Amino acid sequence: MSLSDMKGLFITLEGIDGAGKSSHLDEIEAAFRAAGHRVIRTREPGGTPLGESLRTLVLEQPMDALTESLLVFAARREHVRQVIGPALAQGDVVLCDRFTDATFAYQGAGRGFDVGVLSILEQWVQVGPALRPGLAGELLQPDLTLWFDLPPEVAAARLAGARLPDRFESQPVDFFRRVAAGYAERARRAPRFERIDADRPREAVRDQVLSALARRKLIP
Ligand code: TYD
């Protein structure tokens, strides 16, 4: 069955800051292109002009946890309506650097914000007839989530001095312990999660990613 029959493939990359997920996007994209698929690459918060403006606010301006959650979901709404939904409808592979798992991990587990409220916002934002063919009334979710798992202490050492930290990167390691626990908890419950051991040399991480895609029969 081709991806266009399957109505596209929605893949997200997740992990704490410093886990190195973004550095594998090129290779994942190349693997899907080599297999003959159209690929679009995008990120959250962001992916649309409005979403990118909201990203700047979220990463730079102090705000409370509800405001932060509303802004990431507002950006997400534009993103699913304008970019992700249309791409899936034409059978493309959507490679997205972070999605709603990040909201549950960062705003929920990290900030301690009410996950019940996050679930309600998720229902508002990710349900709708136009989001994915055949999915009316159901939640738009990734088909596969590559979760780059790395001990928070190792991630902190990697980030130290790398660049000017944003509002999240400047959080103490305890914050990232909670975020990491939030990801682990979601990974336990959802089979769409593929754990990647990110505490390995770069090539070894890349090999795990590509073999996970092959094992799930997404690439040859
Ligand atoms: P990130 O994806 O790590 O990009 P970069 O590599 O450019 O730093 O940065 C996005 C930050 O936003 C990251 O710290 C996690 C945070 N974030 C949330 O807190 N909630 C969300 O819902 C999303 C998508 C991201």
**Study point:** Shape category assigned to the stretch 3-215 from the gyration tensor of Cα positions, a/c cut at 1.5
**Key:** oblate
Exercise for review: Report the extension gain between Ala89 and Leu70 in nm, rounded to one decimal, defined as 0.36 nm multiplied by the number of residues separating them, less their alpha carbon distance.
Suggested key: 4.2 nm
Practice item. Using R₀ = 35 Å, calculate the FRET efficiency as 1/(1 + (r/R₀)^6) where r is the Cβ-Cβ separation of Ala212 and Gln82; round to 0.05. Key: 0.75
Review point. What share of the DSSP beta bridges in the chain is antiparallel, in percent to the nearest 5?
Key: 5
Check your understanding: Within the chain, which DSSP H helices have Cα atoms that stretch 15 Å or more along the helix axis and a mean Kyte-Doolittle hydropathy of at least -1.0?
Key -> 49-60, 65-79, 115-126, 173-189, 202-215
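Bear in mind that the values in this text are calculations on the coordinates, not laboratory data. Note that the structure is a prediction, hence the values are computed from the model and not measured. Positions of Cβ are generated from backbone atoms using ideal geometry, with glycine treated the same way; all protein chains shown enter the neighbour counts.
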